[in-house]
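Just so it is clear, none of the values below were taken in a lab; they were calculated from the coordinates. Source: prediction; values computed, not measured. Cβ placement follows ideal geometry from the backbone for every residue including glycine, while neighbour counts extend to all protein chains displayed.
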């Protein structure tokens, strides 16, 4: 229990929550058709975040890499939602 609430893990959780507040509204607005982000740009960002996340995990990044992983997943979701809305 103490390891779960270490300072590093707590900051990792805070960074993930910030990502949720950052990307969540854009995803919702994209799904509702009120925003239309550029699909290729989102896929490039997803690739960038994915590479950064993989590199951090390979060097035992731990909680510090969580934000990059979550950001990459959100970028993929937003790109797919934008593709769905462009039909």
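What the table shows:
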{"read-out": "Cα-based Rg / Dmax (Å) for the chain", "value": "14.6, 50"}
{"read-out": "Least to most buried among 23, 53, 40 (fewest other Cβ within 10 Å first)", "value": "40, 23, 53"}
